[in-house]
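As structure tokens, the structure follows; a few thoughts come after it.
The values are calculated or read from the model by the stated rules, or taken from the named source; none is laboratory data. This structure is a prediction, so every number in the text was calculated from the model and none was measured. Cβ placement follows ideal geometry from the backbone for every residue including glycine, while neighbour counts extend to all protein chains displayed.
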Amino acid sequence: MLEKLRVEVFKANLELVERGLVIHTWGNASGRDPETGLIVIKPSGVSYASMKPEDMVVLNPDGTVAEGKYKPSTDAPTHLLLYKKWKTIGGVVHTHSGYATSWAQAGMAIPALGTTHADHFYGEVPCTRKLKKREIDVDYELNTGRVIIETFKGCDPLTVPSVLVNMHGPFSWGTDVNNAVYNAVALEEIAHIAMNTFLLGHSKPVSKALLDKHYNRKHGSNSYYGQNKK
Ligand SMILES: [Zn+2]
């Protein structure tokens, strides 16, 4: 079942390690099959050294296992809620990458401090509110998803495809699992650059004009970055 997507999700999980965003088993990636709506996700706690594409777990949208011998990632309820609420996304990635996690632990959004950020994220990367005790005690992973959805209320999640979960770490998403990994890599880089910029004593965001120029030349109907698409 979904062999191609299993391989893609397997490779995406390994790429997170290769790019230094994940150590040990501190991360997970998933992808949604656009035809069936089934979700393929990394198994819980299986080492990357021994992991194989067939170890990926196929989930129904309600979280029940459609196929797979392992339990899914413990963060599966967060992934599933994002897929349920945001029909345009096809991949979700969670890591504890150092720089993005530092901002999350500080409870701080990452402002758009320059064009590197503006090329990729249309505005600040927000940080969620803290979870309340009862939200931590019961349905913690589902409530993590809820607080992400709450943070993006009224916003198109694909224009800012990452969030910082307060005191925890980043989640990124995209049109498919590869795009979600791409966004997670971009997030870590802009988190790193922003931290250095703060250390140099500057924390003022770019102007709306510069943000619009850089975001819109790469994204949307009037984009002109790259080669013409035929
Ligand atoms: Zn985590």
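Picking from GLY114, GLY90, which residue would you name as being in contact (Cβ under 8 Å) with a residue 24 or more places away in the chain, surrounded by fewer than 24 Cβ atoms within 10 Å (Cβ to Cβ), closer than 27 Å to ALA209 by Cα and not hydroxyl-bearing (Ser, Thr, Tyr)? Before the answer, list the steps.
Values: GLY90 fails: closer than 27 Å to ALA209 by Cα.
Result: GLY114 is the single residue among GLY114, GLY90 that is in contact (Cβ under 8 Å) with a residue 24 or more places away in the chain, surrounded by fewer than 24 Cβ atoms within 10 Å (Cβ to Cβ), closer than 27 Å to ALA209 by Cα and not hydroxyl-bearing (Ser, Thr, Tyr).
In region 137-163, how many are closer than 17 Å to PHE121 by Cβ and either of a type in the set (S, T, N, Q) or at pLDDT below 95 (or both)?
Narrowing region 137-163 to residues closer than 17 Å to PHE121 by Cβ: 148, 151-152, 154-163.
Next, only the ones that are either of a type in the set (S, T, N, Q) or at pLDDT below 95 (or both) stay: 151, 154-155, 159, 162.
Of the residues in region 137-163, 5 are closer than 17 Å to PHE121 by Cβ and either of a type in the set (S, T, N, Q) or at pLDDT below 95 (or both).
Determine, yes or no, whether VAL160 is free of Cβ contacts under 8 Å to residues at least 60 places away in the same chain, assigned to a loop (DSSP other than H, G, I, E, B) and not acidic (Asp, Glu). So that I can check it myself, show each step before the final result.
On the way: free of Cβ contacts under 8 Å to residues at least 60 places away in the same chain: yes; assigned to a loop (DSSP other than H, G, I, E, B): yes; not acidic (Asp, Glu): yes.
So VAL160 fits the description; yes.
Of SER221, SER203, which residue is surrounded by 11 or more Cβ atoms within 10 Å (Cβ to Cβ) and not in a helix (DSSP H, G or I)? Show your work before the answer.
Values: SER221 fails: surrounded by 11 or more Cβ atoms within 10 Å (Cβ to Cβ).
Selected residue: SER203, the only one of SER221, SER203 that is surrounded by 11 or more Cβ atoms within 10 Å (Cβ to Cβ) and not in a helix (DSSP H, G or I).
Considering only residues of region 182-195 that are among the hydrophobic types (A, V, I, L, M, F, W, C) and within 16 Å of the ligand (Cβ to nearest atom), which is nearest to VAL92 (Cα to Cα)? Steps first, please.
Our first condition is that a residue be among the hydrophobic types (A, V, I, L, M, F, W, C); within region 182-195, this holds for 184-187, 190-191, 193-195.
Adding the requirement that they be within 16 Å of the ligand (Cβ to nearest atom) leaves 184, 187, 191.
Values: ALA184: 9, LEU187: 13, ALA191: 19 Å.
Once the filter is applied, the top-ranked residue is ALA184.
Restricted to region 19-47, and to residues that are part of a strand (DSSP E or B) and within 16 Å of the ligand (Cβ to nearest atom), which residue is farthest from the chain's Cα centre (by Cα)?
Once the filter is applied, the top-ranked residue is PRO43.
Of all the strands (runs of 3 or more DSSP E) wholly in region 48-125, which have at least 3 residues that are within 29 Å of PHE198 (Cα to Cα), within 16 Å of the ligand (Cβ to nearest atom) and in contact with a strand residue (DSSP E or B) (Cβ under 9 Å, 6 or more places away or on another chain)?
Values: elements: 57-59, 65-67, 91-95.
Of the strands (runs of 3 or more DSSP E) lying wholly inside region 48-125, those with at least 3 residues that are within 29 Å of PHE198 (Cα to Cα), within 16 Å of the ligand (Cβ to nearest atom) and in contact with a strand residue (DSSP E or B) (Cβ under 9 Å, 6 or more places away or on another chain) span 91-95.
Hey, can you tell me all the residues within region 139-165 that are of a type in the set (Phe, Trp, Tyr) and in contact with a strand residue (DSSP E or B) (Cβ under 9 Å, 6 or more places away or on another chain)?
At the first step, the residues of region 139-165 found to be of a type in the set (Phe, Trp, Tyr) are 140, 152.
If the condition is that a residue be of a type in the set (Phe, Trp, Tyr) and in contact with a strand residue (DSSP E or B) (Cβ under 9 Å, 6 or more places away or on another chain), then PHE152 is the only one that fits.
For region 159-178, enumerate the residues that are under 14 Å from THR88 (Cβ atoms) and away from the ligand (no atom under 16 Å from the Cβ). Working first, answer last.
From region 159-178, those under 14 Å from THR88 (Cβ atoms) are 159-161, 173-176; that's our starting set.
Matches in region 159-178: THR159, VAL160, PRO161, GLY174, THR175, ASP176.
Looking at region 138-155, which of the residues that are away from the ligand (no atom under 16 Å from the Cβ) and free of Cβ contacts under 8 Å to residues at least 12 places away in the same chain is surrounded by the most Cβ atoms within 10 Å (Cβ to Cβ)?
Only one residue fits best here, namely CYS155.
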